[in-house]
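Notes follow once the structure below has been shown.
The values are calculated or read from the model by the stated rules, or taken from the named source; none is laboratory data. What you see is a predicted model, and the numbers here were worked out from it, not measured in a lab. Here the Cβ is made from the backbone with ideal geometry for all residues, glycine too, and neighbour counts use every protein chain on show.
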Amino acid sequence: MKDKIRDDYERPIISLRISITNRCNVDCIYCHHDGMLDSSSEMTPDEIYEICRIAKKLGVEKIRLSGGEPLIRPDIVEIVEKINSLDFKDISITTNGINLDKFAQPLYDAGLDRVNVSLDTLNEETYKIIVGKNVLSRVKDGIIESCAVGLYPVKINMVVMNDINHNEIMDMFEFTKKHGVILQLIEIIESESCDDNDFNSKYHYPLAE
(Lines give C-alpha, C1' and ligand atoms only; values in the text may rest on other atoms or scores of the structure.)
Protein backbone atom coordinates (compact mmCIF):
# COMPACT_ATOMS: atom_id res chain seq x y z
CA MET A 1 0.00 0.00 0.00
CA LYS A 2 2.80 2.40 -0.84
CA ASP A 3 0.81 4.23 -3.53
CA LYS A 4 -1.12 7.23 -2.29
CA ILE A 5 -4.82 7.37 -3.04
CA ARG A 6 -5.76 9.98 -5.65
CA ASP A 7 -8.92 11.51 -7.10
CA ASP A 8 -10.01 11.49 -10.74
CA TYR A 9 -7.67 14.43 -11.44
CA GLU A 10 -4.67 12.62 -9.94
CA ARG A 11 -4.58 14.88 -6.91
CA PRO A 12 -3.61 13.17 -3.66
CA ILE A 13 -6.52 12.71 -1.25
CA ILE A 14 -5.35 13.91 2.16
CA SER A 15 -8.67 14.24 4.00
CA LEU A 16 -11.20 11.56 4.96
CA ARG A 17 -14.65 12.09 6.44
CA ILE A 18 -16.11 9.16 8.39
CA SER A 19 -19.78 9.07 9.37
CA ILE A 20 -19.71 7.17 12.65
CA THR A 21 -23.47 7.23 13.23
CA ASN A 22 -26.61 8.38 11.46
CA ARG A 23 -28.54 8.70 14.72
CA CYS A 24 -29.25 12.23 15.90
CA ASN A 25 -30.76 13.98 18.91
CA VAL A 26 -32.48 16.74 16.92
CA ASP A 27 -34.78 16.88 13.89
CA CYS A 28 -33.56 19.70 11.66
CA ILE A 29 -36.03 20.79 9.00
CA TYR A 30 -33.47 20.51 6.18
CA CYS A 31 -32.01 17.14 7.16
CA HIS A 32 -32.75 13.79 5.50
CA HIS A 33 -33.32 10.63 7.52
CA ASP A 34 -33.47 8.11 4.68
CA GLY A 35 -31.84 4.76 5.37
CA MET A 36 -31.27 5.34 9.08
CA LEU A 37 -29.75 2.40 10.94
CA ASP A 38 -29.83 1.57 14.63
CA SER A 39 -26.74 1.60 16.82
CA SER A 40 -26.15 -2.14 16.35
CA SER A 41 -25.19 -1.43 12.72
CA GLU A 42 -22.59 1.22 13.54
CA MET A 43 -18.88 0.61 13.19
CA THR A 44 -17.03 -0.26 16.37
CA PRO A 45 -14.06 1.83 17.58
CA ASP A 46 -11.73 -0.92 16.36
CA GLU A 47 -13.33 -0.92 12.90
CA ILE A 48 -13.01 2.85 12.67
CA TYR A 49 -9.40 2.58 13.79
CA GLU A 50 -8.68 0.02 11.06
CA ILE A 51 -10.15 2.27 8.37
CA CYS A 52 -8.01 5.15 9.61
CA ARG A 53 -4.91 2.95 9.79
CA ILE A 54 -5.31 1.97 6.14
CA ALA A 55 -6.11 5.56 5.15
CA LYS A 56 -2.92 6.72 6.85
CA LYS A 57 -0.88 4.29 4.78
CA LEU A 58 -2.55 5.64 1.64
CA GLY A 59 -1.49 9.20 2.42
CA VAL A 60 -4.51 10.60 4.26
CA GLU A 61 -3.43 13.29 6.73
CA LYS A 62 -6.73 14.57 8.16
CA ILE A 63 -9.75 12.79 9.65
CA ARG A 64 -13.17 14.37 10.15
CA LEU A 65 -15.83 12.52 12.15
CA SER A 66 -19.47 13.25 11.38
CA GLY A 67 -22.93 11.74 11.57
CA GLY A 68 -25.78 11.97 12.41
CA GLU A 69 -24.58 13.39 15.66
CA PRO A 70 -21.18 11.92 16.67
CA LEU A 71 -21.43 13.03 20.29
CA ILE A 72 -24.38 10.76 21.05
CA ARG A 73 -22.01 7.80 20.84
CA PRO A 74 -20.90 6.91 24.38
CA ASP A 75 -17.57 5.67 23.00
CA ILE A 76 -16.71 8.88 21.12
CA VAL A 77 -13.71 9.65 23.35
CA GLU A 78 -12.35 6.13 22.81
CA ILE A 79 -12.77 6.54 19.05
CA VAL A 80 -10.78 9.78 19.04
CA GLU A 81 -8.08 8.25 21.25
CA LYS A 82 -7.63 5.35 18.83
CA ILE A 83 -7.44 7.63 15.80
CA ASN A 84 -5.02 9.96 17.57
CA SER A 85 -2.63 7.05 18.16
CA LEU A 86 -2.07 6.99 14.38
CA ASP A 87 -0.53 10.49 14.44
CA PHE A 88 -2.71 12.31 11.90
CA LYS A 89 -2.05 16.01 11.29
CA ASP A 90 -5.64 16.95 12.11
CA ILE A 91 -8.68 15.29 13.72
CA SER A 92 -11.98 17.15 13.77
CA ILE A 93 -15.64 16.53 14.54
CA THR A 94 -18.77 18.05 13.04
CA THR A 95 -21.47 18.31 15.71
CA ASN A 96 -24.71 20.10 16.55
CA GLY A 97 -22.99 21.15 19.77
CA ILE A 98 -25.68 20.03 22.22
CA ASN A 99 -23.34 17.72 24.15
CA LEU A 100 -20.19 19.71 23.44
CA ASP A 101 -19.99 21.42 26.82
CA LYS A 102 -19.67 17.96 28.41
CA PHE A 103 -17.29 16.46 25.85
CA ALA A 104 -15.00 19.38 24.91
CA GLN A 105 -12.34 18.72 27.55
CA PRO A 106 -12.32 14.88 27.29
CA LEU A 107 -12.15 15.08 23.50
CA TYR A 108 -9.31 17.60 23.61
CA ASP A 109 -7.45 15.35 26.06
CA ALA A 110 -8.05 12.39 23.72
CA GLY A 111 -6.39 14.20 20.83
CA LEU A 112 -9.16 16.07 19.01
CA ASP A 113 -7.85 19.19 17.28
CA ARG A 114 -10.99 21.18 16.45
CA VAL A 115 -14.76 21.14 16.07
CA ASN A 116 -17.25 22.33 13.46
CA VAL A 117 -20.58 23.26 15.05
CA SER A 118 -23.84 23.39 13.11
CA LEU A 119 -25.64 26.50 14.39
CA ASP A 120 -28.12 28.39 12.22
CA THR A 121 -29.47 30.99 14.64
CA LEU A 122 -28.90 32.73 17.96
CA ASN A 123 -32.64 33.23 18.50
CA GLU A 124 -34.26 30.67 20.79
CA GLU A 125 -37.62 30.58 18.98
CA THR A 126 -35.99 30.28 15.57
CA TYR A 127 -33.68 27.57 16.88
CA LYS A 128 -36.69 25.57 18.08
CA ILE A 129 -38.33 25.91 14.66
CA ILE A 130 -35.20 24.64 12.90
CA VAL A 131 -34.14 21.74 15.14
CA GLY A 132 -37.34 20.84 16.97
CA LYS A 133 -36.26 21.63 20.53
CA ASN A 134 -34.84 24.55 22.48
CA VAL A 135 -31.34 23.69 23.66
CA LEU A 136 -29.63 26.75 22.20
CA SER A 137 -27.99 27.74 25.49
CA ARG A 138 -26.22 24.37 25.67
CA VAL A 139 -24.85 24.84 22.16
CA LYS A 140 -23.52 28.30 23.01
CA ASP A 141 -21.95 26.92 26.19
CA GLY A 142 -20.34 24.14 24.15
CA ILE A 143 -18.81 26.61 21.71
CA ILE A 144 -17.41 28.75 24.51
CA GLU A 145 -16.07 25.69 26.34
CA SER A 146 -14.42 24.39 23.16
CA CYS A 147 -12.58 27.68 22.73
CA ALA A 148 -11.54 27.63 26.38
CA VAL A 149 -10.03 24.13 26.32
CA GLY A 150 -8.10 24.69 23.07
CA LEU A 151 -10.21 23.09 20.33
CA TYR A 152 -9.12 25.78 17.92
CA PRO A 153 -10.20 27.04 15.53
CA VAL A 154 -13.88 26.41 16.26
CA LYS A 155 -15.96 26.78 13.11
CA ILE A 156 -19.72 27.48 12.97
CA ASN A 157 -21.66 26.22 9.94
CA MET A 158 -24.78 28.35 9.37
CA VAL A 159 -27.36 27.18 6.82
CA VAL A 160 -29.00 30.39 5.61
CA MET A 161 -32.74 30.05 4.90
CA ASN A 162 -35.03 32.66 3.43
CA ASP A 163 -37.70 33.95 5.84
CA ILE A 164 -36.24 31.90 8.70
CA ASN A 165 -32.77 33.18 9.56
CA HIS A 166 -31.50 35.17 6.56
CA ASN A 167 -31.77 38.38 8.58
CA GLU A 168 -29.51 37.02 11.34
CA ILE A 169 -26.26 36.83 9.40
CA MET A 170 -24.81 39.99 10.95
CA ASP A 171 -25.80 38.81 14.44
CA MET A 172 -23.89 35.61 13.81
CA PHE A 173 -20.88 37.57 12.54
CA GLU A 174 -20.86 39.57 15.77
CA PHE A 175 -21.11 36.39 17.87
CA THR A 176 -18.25 34.68 16.05
CA LYS A 177 -16.11 37.82 16.18
CA LYS A 178 -16.67 38.10 19.94
CA HIS A 179 -15.60 34.53 20.61
CA GLY A 180 -12.86 34.22 17.98
CA VAL A 181 -14.79 31.65 15.97
CA ILE A 182 -14.82 31.09 12.20
CA LEU A 183 -18.20 31.44 10.45
CA GLN A 184 -19.07 29.50 7.32
CA LEU A 185 -22.32 30.41 5.56
CA ILE A 186 -24.05 27.58 3.70
CA GLU A 187 -26.50 28.20 0.87
CA ILE A 188 -29.35 25.78 0.14
CA ILE A 189 -28.90 24.77 -3.49
CA GLU A 190 -31.74 24.04 -5.89
CA SER A 191 -31.11 20.97 -8.03
CA GLU A 192 -33.15 19.04 -10.59
CA SER A 193 -31.94 15.79 -9.04
CA CYS A 194 -33.11 16.71 -5.53
CA ASP A 195 -36.38 15.33 -4.16
CA ASP A 196 -36.88 18.37 -1.90
CA ASN A 197 -36.96 21.09 -4.53
CA ASP A 198 -40.15 22.59 -3.07
CA PHE A 199 -38.32 23.08 0.23
CA ASN A 200 -35.19 24.32 -1.51
CA SER A 201 -37.13 26.81 -3.64
CA LYS A 202 -39.05 28.12 -0.64
CA TYR A 203 -36.05 28.62 1.64
CA HIS A 204 -33.24 29.29 -0.83
CA TYR A 205 -31.47 32.54 -0.05
CA PRO A 206 -28.82 33.68 -2.57
CA LEU A 207 -25.73 34.57 -0.58
CA ALA A 208 -24.19 36.33 -3.57
CA GLU A 209 -26.72 39.09 -3.09
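In the set (1) in contact with a Leu (Cβ under 8 Å, 6 or more places away or on another chain); (2) closer than 21 Å to V80 by Cα; (3) of a type in the set (F, W, Y), F175 fails one condition alone, (2).
The residue that is farthest from R64 (Cα to Cα), among those in segment 118-169 that are in contact with a helix residue (DSSP H, G or I) (Cβ under 7 Å, 6 or more places away or on another chain) and free of Cβ contacts under 8 Å to residues at least 24 places away in the same chain, is E124.
Residues in segment 4-14 that are loosely packed, with under 14 Cβ neighbours inside 10 Å and either of a type in the set (S, T, N, Q) or at pLDDT 90 or above (or both): R6, D7, D8, Y9, E10, R11, P12.
Among the residues of segment 73-94, those identified as of a type in the set (S, T, N, Q) and without any contact (Cβ under 8 Å) to a residue 40 or more places away in the chain are N84, S85, S92.
The number of residues in segment 4-15 being among the hydroxyl-bearing types (S, T, Y) and either assigned to a loop (DSSP other than H, G, I, E, B) or free of Cβ contacts under 8 Å to residues at least 24 places away in the same chain (or both) comes to 1. Whether a residue is surrounded by 19 or more Cβ atoms within 10 Å (Cβ to Cβ) and either acidic (D, E) or farther than 14 Å from I93 by Cα (or both) was assessed, and I156 does not pass this test. Could you list, in sequence order, the residues of segment 30-59 that are closer than 25 Å to V131 by Cα and modelled with pLDDT of 90 or more? Of everything in segment 30-59, just one residue is closer than 25 Å to V131 by Cα and modelled with pLDDT of 90 or more, namely E42. Among the conditions (1) surrounded by 18 or more Cβ atoms within 10 Å (Cβ to Cβ); (2) in contact (Cβ under 8 Å) with a residue 40 or more places away in the chain; (3) of a type in the set (A, V, I, L, M); (4) touching a strand residue (DSSP E or B) at 6+ places or on another chain (Cβ under 9 Å), the only one that I18 does not satisfy is (1).
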